[in-house]
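Below is one structure, written out as structure tokens, with a few remarks after it.
Every number here is computed from the coordinates shown, using simple stated rules; none is lab data. All of these numbers come straight from a predicted model, not from anything done at the bench. Using ideal geometry, Cβ is built from the backbone for each residue, glycine included, and neighbour counts are taken over all protein chains shown.
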Amino acid sequence: MKPFALWLVLLLNLAYIVVGYPSVIELNDVSQSTTVTKRKSYAGYKLLRTEPLTTGNVPVFRNLEDVHGINYWTYPLENRSLDIFTSPKQLSRVQGVLKDLGLDHDVVFHDAEEIMHYEQPPQAKAKQLVWEDDAQNTAEPSDVSYQSENATGQDMPPTGTTRAVAPDFFNRYQRYNAIMNFASQLARENPSTVSFQSIGRSYEGKDMGILKIATGGSKPGIFIDGGMHAREWISPATVTYIMNKLVNDPKSKPLTDMFDWYIVPIVNVDGYEYTHTNDRYWRKTRSRSSNGCYGVDPNRNFGFHWAESGSSNKPCSDIYHGPKAFSEVETQNLGRTILYLKDKLKLYLTFHAYSQMWLVPWGFAKSQKPQDYNELVRLATVGKNALERTYGTRYSVGTAPDLLYPAAGGSDDWAKGAAGIPYSYCLELRDKGRYGFALPANQIKATGEETFNAVAAVAQELYRTLKKKEQPFTNADNESD
Ligand SMILES: [Zn+2]
């Protein structure tokens, strides 16, 4: 490398250290966030679970989705039961089809609106969160700056005393702003080891925060994200729980001695807020496509075998892969950050829900496995065992095509195949369909605890594995597709 080029690289790195991660993506539009509409009611919506479908049934249900907009919480596949989420208006059509096909079904729940009361205890019954008032602090230059549309007062911190964790924080699903405040608080309380920065802004202009835990020295890194799919509330809750354990539990010291940790609690920040304010079961981002439909499935939008399977080219579909790979500013922000860190990252974990599965690459095609598939399964099994030992929650380990269905454009495939992170997994958290996306908030702590134990066991085993190698902290020996 010529001296000039070397200086340029050094200068750029210095710039990153001073101002944080590069943020070169322009926002498309911030005006939409001011629109306030009434929250969609799910009164009378039912979740039906069919008996396993036959080969002949599958196209009927896919057609029902495409033509009549019938919504599923699972995917129509042969030999698998199907979870159909139906409005009162569509119920007779769905029941008619089931009857014509001779398919039995159970009613998992009769009223989605009622289920939501179990999911989230009323705000009035939970104690008020106590946080240090942001306005009283001199924010670090690297802190996330909060967006004005969130200044509704509901989840903004009241003036008060500082506390590491408000006692009820993990008794409820928290809003975007509360989670950002929480992470910011962790950073303020641990300025020498924890930082909280923005990796860029969403389509609607919300900052996407990343928490970094680095206790010093050159270490390999672990990257964790949550909240890719808006309605999977247990994901940001679990990731926030893990963040708190890593920072505040003294027993986590070995984990932060071994690795630097990079944690993005909510990727799809716009969609996540939208599920709290407008539509509880929204899945996608909130970008607007040319035909007027909203959103792209961010976990079909990553640029590795993009759009090859398990996604849709229809902008109104829940699994719309977008007009091109990385069309979404949120996947761009995440992808750019991972690429910036890729040489030190050894493990990527992305959290989804539901079905209790530890998914191993590749997700894009049934017939293809990475060369080190057995090693990936070995480490995943260490995590699964630690998770199951905690409360007996059962998980399956395997590829998405083997356990669910092929789906291309997922972040876990991209993290391994394109970014070259050797170990990459997607976890489908609780439950197995009793509540589905509406998992009651009283399961947050248990889900957080068992999942943290899994992450801790995997990190420790990974560290041992890396130590055995001659050059433990380079990714040069990865194969990529
Ligand atoms: Zn998901």
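What to note about this one:
- Semi-axis lengths, Å, segment 394-459, gyration tensor of Cα atoms, sqrt of 5 times eigenvalues: 24, 17, 10
- Using Cβ point charges alone (K and R +1, D and E -1), the dipole size of segment 131-468 about the Cα centre works out to roughly 860 debye.
- Extension gain (nm, one decimal) between D168 and K40, 0.36 nm per residue minus Cα-Cα: 43.4 nm
- Beta bridge orientation in segment 131-468: antiparallel %, DSSP, nearest 5: 35
- Segment 73-126: proportion of alpha-carbon pairs further apart than 17 angstrom, %: 51
- Charge dipole of segment 46-110 (Cα centre as origin; +1 on each Lys and Arg Cβ, -1 on each Asp and Glu Cβ, all else neutral): 200 debye, rounded to the nearest 20.
- Nearby lysines by direct alpha-carbon distance to K469 (threshold 20 angstrom, same-chain neighbours under 8 apart not counted): K219, K342, K344, K346, K416
- Segment 46-110 shape via C-alpha gyration tensor axes, a/c threshold 1.5: rounded
- Relative to one another, the C-alpha centroids of segment 96-125 and segment 177-206 are positioned 36 Å apart.
- The ellipsoid equivalent to the alpha-carbon distribution of segment 280-368 has semi-axes of 23, 17, 14 angstrom, derived from the gyration tensor eigenvalues as √(5λ) and listed largest first.
- Gain upon complete extension [R394, E375; 0.36 nm per residue less C-alpha separation]: 4.7 nm
- Each residue of segment 199-328 gets 125 Å³ once the volume of the Cα convex hull is shared out per residue.
- By average C-beta atoms within 10 angstrom, highest first, the peptides 263-274, 283-294: 263-274, 283-294
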